Amino acid sequence: MLVLGIETTCDETAAAVVERQADGQARILSNVVRSQIDEHARFGGVVPEIAARAHVDLLDGIVDSAMKEAGLGYGQLSAVAAAAGPGLIGGVIVGLTTAKAIAMVHDTPLIAVNHLEAHALTPRLTCALAFPYCLFLASGGHTQIVAVVGVGEYVRLGTTVDDAMGEAFDKVAKMLSLPYPGGPQVERAAAGGDPTRFAFPRPMLGRPDANFSLSGLKTAVRNEASRLEPLEPQDISDLCASFQAAVLESTADRLTVGLRLFQERFGTPRALVAAGGVAANHAIRSALQDVAAKAQTTLIIPPPALCTDNGAMIAWAGAERLALGLTDTLEAPPRARWLLDANAKAPAGHTNSRAGY
Ligand code: KG4
Ligand code: ZN
């Protein structure tokens, strides 16, 4: 089974070809990603209109490169998959329309993939992980704990009630005048800082649900930063270190509860899997390692290039669906919002409509 995957939901334009063998083994034949960081950096965040325009300009060339690198003609494809949401609608339309055109011209099945499902299924691409497992997805747009029970069977165990975790890192970076994207900058600054200098709140600590909250913590950092103005480099490092320490403690607590909820409903998970840009953070990785060890499960973090947005994960999710006979018609709609767990409700007191409940 040979599937072309297209990803355009945020600020990465990406295409890849993945082969799925009958026994479920995977091979990535090509994986081309073009980040738009340079286009958005001077605005301090992703500008949807600029992203959509850049996807239009870049996508044809990137799909072409992915096919050439894989050494395939379109006629050899078993299916073409595109991320049909959730995400910035302009970009989603560009990717899905391109996939529909390829499907129509080459008479190939179309698969409209949920971007979150693609993140959720990535460990089956990288290490053939069996179901069920527990996913911690933390990116610029999402912060969720999900029970991955089977292809198409996802149960959300926890989510953020306000900001996404990557978004909080980006906002803290911005208020401290660190460049975009802020996550890696905050991590770097934190390495030289004192994590005990500021006693920031540990959001949601000890709560029986597995939800997250980050906006109060972000506000506490802002208040402290304004009080200290003008900021010395050491202040910035200490603010970053203290912020990151609060995120770590809160994350460890929320995931411990999430794994307990998982155990009660689905038995022992085969693994705790982390994905999304925040999983690149070394301090968070080692906190996750401790959580997994205490819960007597293994931690799996796919390699960075497959943790952040890419075409291979879309192609793989398409292949998993195709293997079950799940294809879509050319009517498949682009979706700005698309719940992974259709039964999940927005958590009580939520304040951020972009947080991808
Ligand atoms: O998954 P991703 O590449 O894109 C989406 O948001 O879909 O995640 C990007 C997010 C950004 O908010 C970025 O600041 C954050 O992940 N991030 C990090 C680190 N590297 C990236 N956050 C904390 N520490 C890092 N080292
Ligand atoms: Zn993503």
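The values are calculated or read from the model by the stated rules, or taken from the named source; none is laboratory data. Just so it is clear, the structure is predicted and the values come from calculations on it, not from any experiment. Cβ atoms come from the backbone with ideal geometry, glycine included; neighbour counts cover every protein chain shown. Note: areas computed on protein heavy atoms with side chains; ligands, DNA, RNA excluded. Shrake-Rupley method; radii C 1.70, N 1.55, O 1.52, S 1.80 Å.
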What do you get for the angle between helix 233-266 and the principal long axis of the chain? Use alpha-carbon atoms, 0 to 90 degrees, nearest ten.
60 degrees
Checking rank on 71-83, 17-29, with mean other Cβ inside 10 Å and highest first, the result is 71-83, 17-29
Excluding E320 itself, what net charge comes from residues whose Cβ is under 9 Å from its Cβ, given Lys and Arg +1 and Asp and Glu -1?
+2
Run down the lysines and flag those whose C-alpha is under 30 Å from the C-alpha of K218, throwing out any fewer than 8 positions away in its chain.
K171, K174, K294, K345
Which whole-Hz couplings ³J(HN,Hα) result when phi for each residue of the range 133-145 is put into the Karplus expression 6.51 cos²θ - 1.76 cosθ + 1.60, θ = phi - 60°, listed in order with x for Gly and Pro?
9, 10, 9, 10, 10, 9, 9, x, x, 9, 9, 9, 10
Between helix 48-70 and the chain, what is the angle of the helix's C-alpha long axis to the longest principal axis, kept within 0 to 90° and rounded to the nearest 10?
50 degrees
Summed residue charge, Cβ within 12 Å of G24's Cβ, Lys/Arg positive, Asp/Glu negative:
0
Students often check this: by mean Cβ neighbours within 10 Å, which of 268-274, 207-213, 332-338, 311-317 ranks highest, and how do the rest follow?
311-317, 268-274, 207-213, 332-338
Sorted by chain and then number, the residues having a modelled amide H within less than 5 Å of the amide H of I300, at least 5 places away or on another chain, are L272, V273, A274
Give me the percent of the accessible area of the chain that comes from carbon and sulfur atoms, probe 1.4 Å, all protein chains in place.
53 percent
When the Karplus curve 6.51 cos²θ - 1.76 cosθ + 1.60 is applied with θ = phi - 60°, which whole-Hz ³J(HN,Hα) does each residue of the range 203-212 get, with x for Gly and Pro?
x, 6, 3, x, 6, x, 8, 10, 7, 10
Rounded to 5, percent antiparallel among DSSP beta bridges of the chain
65 percent
For L129, which sequence-distant residues (separation of 5 or more, or a different chain) have an amide H within less than 5 Å of its own amide H, given hydrogens modelled in the peptide plane?
R124
For the chain: accessible area per residue (Å², 1.4 Å):
41 Å²
Specify the angular offset, from 0 to 90 degrees and rounded to the nearest 10, of the alpha carbon long axis of helix 182-191 from the longest principal axis of the alpha carbons in the chain.
40 degrees
Amide H contacts under 5 Å for A81, placed H, 5+ residues apart
L4, G5, I6, I111
Please turn the phi angles of the range 146-159 into ³J(HN,Hα) values with the Karplus equation 6.51 cos²θ - 1.76 cosθ + 1.60 (θ = phi - 60°), one per residue in order, whole Hz, x for glycine and proline.
10, 7, 9, 9, x, 5, x, 10, 10, 10, 7, 9, x, 7
May I ask you to order 155-168, 288-301, 125-138 by the average number of other C-beta atoms within 10 Å around their residues, highest value first?
155-168, 125-138, 288-301
